[in-house]
Amino acid sequence: MPTGAGKSLTFQIPARLLAGTVLVVSPLISLMKDQVDALERNGFRATVINSSLDWETRRDRVRRLAAGEYELVYVAPEGLEGGLRSFLGGVRVSLVVVDEAHCISEWGHDFRPAYRRLRGLKQELGGVPILALTATATRRVAGDIIRQLGMVKPDGFKGSFFRSNLVITAHKKGDGRGSRKDLLTYARRRRGESGIIYMLTRKNVESLAEFLRAAGVRAVPYHAGLEDGVRARHQDAFARDEVDIVVATIAFGMGIDKSNVRYVIHREMPRSIEGYYQEIGRAGRDGLPSDCILLYSWADVLAHRRVQEGIEDGELRREAGRKSTAVYELAEAPGCRHQRLVAHFDETIPACGTACDSCRGTSFTDLIQPARADHGTPTHDGELFERLRALRRALADAEGVPAYIVFSDAVLARLAAVRPIDDAGFLAVPGVGPAKLARYGEAFLRVLRGG
C-alpha cells in the first residue's frame, strides 16, 4: 500500500487484540521513536529496543518485554543479530512485522544486508505469523520478500498506488526554468509550509540550502556526510516546524514520518521509479493536496551512471542503469503521470483528470506565477487554524515531540471548519480519539470556544 495509506493499522489493531507482543522490525531508529510516541498518545503500551539506549534502560525494557508488559516492541534488523534474537525465543511473540520489507531484496531500491539475516526468524520463534509491509515492491521484489522470510503460500494484499492528493508536475531542464532562483520563488510563495528538496550530491545539497538561507528561507541541509548530531537536529527542527525546508540527498528517506509535508521537489532525477514513488510519498500523508515536482534531464541519467560505475556486481550495476533510465522515460512519456507511474507497479487506472500537469494542462512555470490556486484545501477559518497550529506547537514543544504527533494539519483544518465546543463534538472530528481527547481536549476546546 502507498506511503501514508494506513499499513501500520494492520499490526496496531492486532497488537491490541492478540495475546502476547507484536515485534516490529523497522529500519530507522528515528522513525521508531516517532511511531512509538504516536502510539503512546493513542493509548498503546509500546516501546523501542535499539542501540541508542543506555544499558540500564535497555535492561529494564527487555525485562518488561519478558514479563509481557508491551503490546508492541520496535527493533532494528541489526538489533536482532546479537543476544536479543536468542532471548526472544522465550518471549510470547504473537506476530512479527517486517516493515519497509523491500529492504530485504537485492532487487529493491533500498537493500539492507541486515534484513537478509531475518531469514529463519519465523522458525526460531515457533512458526509465528509473519507480516511484511512495503509501499514500493514490484512483483519481482515481492517474490524475493516471500522467499527470504520463509513464507509458505502467504496471503497477499495490494492497495492502489494512486494518491489523488499528490499533484505531479514534471519539467525537463535546459530551458532556463528550474533554476535556484525558481526554487526560491516557489519556496517564498509556500512560506510557513513544509517541503523537501531532493538533490543528487552532498555538495549540491549544501550549496542550495545555503542559497535559500541567505535569501531568508528557513532551510537546512541533510545528507550522510553530516555529523549524526547535526542530522538529528535538522530532522528534529523540520519535524517541529522550526524550519520550512530540508534540502537532502536520499539519506533523508524512511526517517521522516511528518504528515504535513506540502511539497516534494526533485531538483535532480531520482535513481529509480520505486525510489521516486517512496520519496514523493513523504508529501501529503495527511490527505491534503500537495505538490510533487520532478525536474529532470538526460544529464541526470549520466550522473547516476558515473555513480553506478562503482557497483562491483555486473548484473546489479546493469539493473541500476536500467532503473535510472526508466525514470527518465517515465518523465518523458506523454499522458497522465499517475497512470504511467502506477503501471510500473502492475496497476491500471484511468487518467487522474486533476492530479498531474498533463491532465490539468499546467506546467512548472504555472507553479511559480503570482496567482496560484490552494488545490481545494478544506474551507476553514484561517485565523482560527493558525491559533490551533500555535497551540499544537506549544503542546508538542512541552512534550518534546514533533507537532504532527499531537494532531495533523488535516485534523486542525477539520476543527477550524467544524468548531466543536464540547467533548462530544471534539470526539466526533475524524482523527480525534478518546486518548487525544483526554490529553489535549481541554486546551483545544478553550481556543475553539474563543477563550
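All of the numbers you see were taken from the coordinates with simple rules; none came from a lab. Predicted model, so just to flag it, every value in this text is computed and none were measured. Glycine also receives a Cβ, built like all others from the backbone with ideal geometry; neighbour counts cover every protein chain displayed.
Here are some notes:
- Rounded to the nearest 20 debye, dipole of the chain from Cβ charges on Lys, Arg, Asp, Glu: 180 debye
- When the P(r) of the stretch 9-148 is calculated, the portion above 23 Å amounts to 30% of the C-alpha pairs.
- Simple label model, 7 Å out from Cα along Cβ direction - Glu81 to Phe211, nm: 3.9 nm
- Normalised Debye scattering of the stretch 382-448 at q = 0.12, 0.26, 0.28 Å⁻¹ gives log10 I(q)/I(0) of -0.24, -1.27, -1.48, counting only Cα atoms as equal scatterers and leaving out solvent.
- Cβ-Cβ FRET estimate between Val447 and Leu18, R0 fixed at 51 Å, reported to 0.05: 0.85
- From helices alone, the chain scores -12500 deg cm²/dmol at 222 nm; the rule is -39500 (n - 2.57) for each run of n ≥ 4 DSSP H residues, then divide by the residue total.
- If you take the Cα centroid of the stretch 415-430 and the Cα centroid of the stretch 223-280, the two points sit 33 Å apart.
- Point-to-point label distance, Glu69-Ser164, nm (Cα→Cβ direction, 7 Å offset): 4.6 nm
- Longest site-free stretch - the chain; sites: GluC sites (Glu not before Pro), DSSP loop, at most 16 other Cβ within 10 Å: 107-226
- With each label modelled as a point 7 angstrom along the Cα→C-beta vector, the Ala438-Asp155 pair spans 3.2 nm.
- For the stretch 86-160 versus the stretch 301-350, the spacing of their alpha-carbon centroids is 25 Å.
- Scattering curve values for the stretch 166-367, log₁₀ I(q)/I(0), Debye with Cα scatterers, q = 0.10, 0.11, 0.17 Å⁻¹: -0.41, -0.50, -1.22
- Model label zone, Ala398; criterion: amide N under 16 Å from point 7 Å along Cα-to-beta-carbon; scope the stretch 409-451: 436-448, 451
- For the chain, the Stokes-Einstein estimate of translational diffusion at 10 °C and a viscosity of 1.306 mPa s comes to 68 µm²/s, using the Kirkwood hydrodynamic radius over alpha-carbon pairs.
- Contact order normalised by residue count of the chain, Cα under 8 Å, 6+ apart, percent: 15 percent
- 24 Å Cα-Cα threshold exceeded, pairs from Lys33/Lys158; Lys7/Lys33; Lys158/Lys436; Lys258/Lys323; Lys7/Lys323: Lys33/Lys158; Lys158/Lys436; Lys258/Lys323; Lys7/Lys323
- Proportion of all alpha-carbon pairs of the stretch 64-219 beyond 24 Å (%): 56 percent
- Paramagnetic label zone (point 7 Å from Cα along Cα-to-C-beta, Ile421; backbone N under 12 Å) in the stretch 436-451: 448-451
- Gyration tensor (Cα) of the stretch 259-350, equivalent ellipsoid semi-axes in angstrom: 25, 15, 13
- With semi-axes defined as the square roots of five times the eigenvalues of the C-alpha gyration tensor, the equivalent ellipsoid of the stretch 326-446 measures 38, 17, 15 Å, largest first.
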